[in-house]
Amino acid sequence: GSCTNSSFMIMSAVASILKGNTVASGVSLLINPGSRQVYEMLSRKGLLSDMISAGARILECSCGPCIGMGGAPGTGNVSIRSYNRNFRGRSGNKDAFVYLASAVSCAVFAVKGEIVDPRLSGLSIQIPKEPRRYIINDNMIIKPKEHISPVEIVKGPNIKDVPVKEPLEDDIEAEVLLKVGDNITTDDIMPAGSQILPLRSNIPAISEYVFSNLDNTFSRRAKEKISSGGIIVGGENYGQGSSREHAAIAPMFLGVKAVIAKSFARIHRSNLINFGIMPLQFRRSEDYDMISQGDKVLIENVKELLKKDQIYIAKDITKDYTFELFSNLNDREKEIIIDGGLLPHIKKKIKTK
């Protein structure tokens, strides 16, 4: 369930499998309906009681066990989930074996207590018909007031102001704080879990955990270089996985000015831009092998070259060689980067109206 495979139609099929059956001994079945509306429809149709009677635990409509917020499997245990991520350690236990399957398959496995072909399980699997209409429940939406007036924002001790980056500098001269390989996930960059997620409203606190699973010295070293800033070097598909904004916000807070990679995952690339971090790509992938963690890199005339869509000539000062980079940003993305990110960009546009 949760954000994936949790619609009313899918949950109805799951309920048909569980109806009149019991979850096998030694199996824990957790179900996350996708929304309050799905939850309410399951209840009205009597399907929720079929799930509960079978021994399933009904969880909040939230981002929960998928990111280690409850439901963490035991050490060495197997967990089969219909979520969309199973990166190592994401479940809350690095030593668990987490696999992905359809919600229907998960329900069959839960009843049988083993992995079987759902088609040969002997269980009744009913594919429901699309409802003529879905519940629309908007009674908890707070309507805006007709007349705008100043509002006091009440903040507890764990709620800090969102940090805002300064406008793009003409030159970027910084140390490579970390060099990582291919397919680095947003979980690698900004881990989740029950210890870290409660800090999402406190960027200074959550930034202590940036890259902590890969290098627990990163945050400390970044702070030591914060006056000059830092650079991260990555391989192919840097930033794959969850669209976790904190994987861009927290590095920005720690002074990261640019990420140089062979290629970027699309959503994370957008998040980097929105928080003022330059997403730069190697023009020649072989140059990735030349650069090392700890090298000092200089990229001159960044702002001017960005405006003209020209190639950046970067110099590895430590090794005394040059290499070429490109950014491939559209006009709006260029404006956002130059202004220091989306928040200062919007603020600037409002002021000029």
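Cβ-Cβ under 9 Å, sequence separation 6+ or interchain: first residue in segment 55-78 and within 13 Å of residue 2 (Cα to Cα), partner of a type in the set (Lys, Arg) and modelled with pLDDT under 85. Which pairs?
Note: pairs meeting the criteria are 66/85; 66/90; 67/85; 67/90; 68/90.
Restricting attention to segment 278-332, which residues are out of contact with any Lys or Arg (no Cβ under 8 Å at 6 or more places or on another chain), surrounded by 13 or more Cβ atoms within 10 Å (Cβ to Cβ) and closer than 23 Å to residue 214 by Cβ?
The answer is 280, 287, 296.
Going by what's in this entry, would residue 182 be described as more than 15 Å from residue 255 (Cα to Cα) and either in contact with an Asp or Glu (Cβ under 7 Å, 6 or more places away or on another chain) or part of a strand (DSSP E or B) (or both)?
Answer is yes for this residue.
For the condition surrounded by 18 or more Cβ atoms within 10 Å (Cβ to Cβ) and free of Cβ contacts under 8 Å to residues at least 60 places away in the same chain, what is the one hit in 250, 222, 258? Show your work before the answer.
Numbers: 250 fails: free of Cβ contacts under 8 Å to residues at least 60 places away in the same chain; 258 fails: free of Cβ contacts under 8 Å to residues at least 60 places away in the same chain.
That would be 222, the only listed residue that is surrounded by 18 or more Cβ atoms within 10 Å (Cβ to Cβ) and free of Cβ contacts under 8 Å to residues at least 60 places away in the same chain.
Anything in segment 102-125 that is assigned to a helix (DSSP H, G or I), hydrophobic (A, V, I, L, M, F, W, C) and either within 14 Å of residue 16 (Cβ to Cβ) or under 29 Å from the mean Cα position of the chain (by Cα) (or both)? List them, or say none.
Of segment 102-125, the ones assigned to a helix (DSSP H, G or I) are 103-112, 118-120.
Narrowing the set further to residues that are hydrophobic (A, V, I, L, M, F, W, C) leaves 103-104, 106-111, 120.
103, 104, 106, 107, 108, 109, 110, 111, listed by residue number.
Any residue at all in segment 202-212 that's assigned to a helix (DSSP H, G or I) and either in contact with a strand residue (DSSP E or B) (Cβ under 6 Å, 6 or more places away or on another chain) or closer than 22 Å to residue 62 by Cα (or both)?
Yes; the residues of segment 202-212 include at least one that is assigned to a helix (DSSP H, G or I) and either in contact with a strand residue (DSSP E or B) (Cβ under 6 Å, 6 or more places away or on another chain) or closer than 22 Å to residue 62 by Cα (or both).
Restricting the first residue to segment 149-160 and requiring it to be within 23 Å of residue 205 (Cβ to Cβ), which pairs with a second residue that is modelled with pLDDT of 85 or more and not aliphatic (A, V, I, L, M) meet a Cβ separation below 8 Å and a spacing of at least six or different chains?
Short answer, once both residue conditions are applied: 158/198; 158/201; 158/202; 159/201; 159/202; 160/201; 160/202; 160/204.
Among the residues of segment 200-219 satisfying the criterion of being of a type in the set (Val, Ile, Thr) and buried (at least 16 other Cβ atoms within 10 Å of the Cβ), which is farthest from residue 292 (Cα to Cα)?
203
How many residues are in contact with a Phe, Trp or Tyr (Cβ under 8 Å, 6 or more places away or on another chain) and closer than 21 Å to residue 255 by Cβ if we restrict to segment 307-342?
Result for segment 307-342: 8.
Given 261, 247, which one is touching a His at 6+ places or on another chain (Cβ under 7 Å) and among the hydrophobic types (A, V, I, L, M, F, W, C)?
Of the residues listed, the single one that is touching a His at 6+ places or on another chain (Cβ under 7 Å) and among the hydrophobic types (A, V, I, L, M, F, W, C) is 247.
The values are calculated or read from the model by the stated rules, or taken from the named source; none is laboratory data. A quick note: this is a predicted structure, and the numbers were derived from the prediction, not measured. Virtual Cβ from ideal backbone geometry, glycine too; neighbours counted across all protein chains shown.
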